[in-house]
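> One structure coming up, written as structure tokens, with questions to follow.
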Amino acid sequence: MKFKTSILIVIIGLLPLVMVLGNSMLIPILPLMEEELNISPLQVGFLLSVFSILAAVVIPIVGFLSDRFGRKKLVLISLGFVMIGSIVTIVAGQGVAHPFEWVLLGRVLQGIGAGGTAPLAMALVGDLFEGSERSKSLGALEVFNGIGKVVSPFIGAIAALFFWYSAFYIYFIISLAAFLGIYYSISTVDQEKNNESLTKYRKMLVVVIKKQAKWLFPLAFLGAIGLFLLFGLLVFLSFEIERIYQINGIFKGIVFTIPLGALTFVSYWTGKNIGSDHIYMKQLLLLGSMLLSGALVFLIFFHNLQALIFGLTLASAGLGFVLPCVNTLITSSVSGKERGLIVSLYAMIRFLGVAFGPIFFSLWMEEVVDMFVKAALLIILSSLWMIAALKLKPLLKTLTSRLN
């Protein structure tokens, strides 16, 4: 039974991997795509952003539909969109006229599909497992998520050694493996069906937002800004190390694993140690915000290659403290139907952060110092909003005195 459970978790674990690979795998090959498609850095950034924007919009819709029609069916449909989108992007590399438009269409389809992968993976685990088995399985999904973040730029860099659209072959294969695994390994999912109308669902969402807005939006905004900065800085790093420092290929992929590895390790450590201690979570939330702010202030004054990697790694570590604490505080502070609504809303806000980072940093990176000033102001202001909303001034004083 344990062996079958492990196999099932591996199969479901491919779903968050599909979501992560959708953007992270392309980051190292953005300059190559710019050259091969003859487009601007802003258009390249938009190819990342459109994926996340569509995923963000689709997440709450897929959550609603899966409650009515079943998780398995929605997961398979979502993976179908990802695979069709991958085929369209592969066709773009076959010498068609207007290849950018083909890639853009493919990315739209991939984004629509990806919106139903990671969120429904958590829902599937919730339906299939109970008690300690459920918490262990959710932890395993985070491991897959982390592994995806670390290895995806490396995979993308290796794929780019062949041709610019090689990464989409890999994306198709992983999506197909997830599709076949889910189709054959999960026969039925025991879930409580929700037959409420869309109008009633929308009204419930409005009521929940009004009720929880004071603490929800500062936390969600902090998480979204953290991801906005992470993906924006990764795009900047991709162009910087290739054009200024002439680093590409496998070594370029290795460079990306340093900050993303720090994010994964710290996220894993934080998730493992916070338990249900809300005071400890808030302390780590403050620590992570301070590390993020400090790293970006540092990068205003020092932004050669070594400083850039160090600053981005420090910022990623800070985000590793922030995200698990925000996730846990949001999911554990509400219950029942409210939890599903709040988590969907939070996931949407997070993905909007991922979506707009590449666009804004593509515009900002022509003035590097100004870019880091804007980035530092964003994280400082969002941290102050969170501190004020959660009334964390006493904790901030305690933490500052300990650090001193």
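> Scan region 41-63 for residues that are surrounded by fewer than 18 Cβ atoms within 10 Å (Cβ to Cβ) and without any contact (Cβ under 8 Å) to a residue 60 or more places away in the chain and report the count.
2
> Right, here's the next one. Could you tell me which of the residues 66, 78, 24 is at pLDDT 90 or above and buried (at least 22 other Cβ atoms within 10 Å of the Cβ)?
78
> Within region 365-395, track down each residue that is in a loop (DSSP other than H, G, I, E, B) and over 28 Å from residue 278 (Cα atoms).
Within region 365-395, 365, 366, 367 meet the criteria.
> Just to be sure before I move on: is residue 45 within 23 Å of residue 357 (Cβ to Cβ) and either out of contact with any Gly (no Cβ under 9 Å at 6 or more places or on another chain) or modelled with pLDDT of 90 or more (or both) in the structure I sent?
Against the criterion (within 23 Å of residue 357 (Cβ to Cβ) and either out of contact with any Gly (no Cβ under 9 Å at 6 or more places or on another chain) or modelled with pLDDT of 90 or more (or both)), residue 45 does not qualify.
> From the list 265, 301, 310, 321, exactly one residue is surrounded by fewer than 19 Cβ atoms within 10 Å (Cβ to Cβ), more than 30 Å from residue 163 (Cβ to Cβ) and in contact with a Gly (Cβ under 8 Å, 6 or more places away or on another chain). Which is it?
265
> Let me ask another. Checking residue 183 against (1) farther than 27 Å from residue 17 by Cβ; (2) surrounded by 12 or more Cβ atoms within 10 Å (Cβ to Cβ); (3) modelled with pLDDT of 75 or more; (4) under 26 Å from the mean Cα position of the chain (by Cα), which single condition isn't satisfied?
It fails just one condition, (1).
> Within region 1-19, how many residues turn out to be farther than 19 Å from residue 165 by Cβ and buried (at least 17 other Cβ atoms within 10 Å of the Cβ)?
10
> Evaluate the following for residue 270: is it crowded, with 17+ Cβ neighbours inside 10 Å and in a helix (DSSP H, G or I)?
Against the criterion (crowded, with 17+ Cβ neighbours inside 10 Å and in a helix (DSSP H, G or I)), residue 270 qualifies.
The values are calculated or read from the model by the stated rules, or taken from the named source; none is laboratory data. Note that this is a predicted model, so its numbers are computed, not measured. Heads up, the Cβs are rebuilt from the backbone with ideal geometry, glycines too, and the neighbour counts pull from every protein chain shown.
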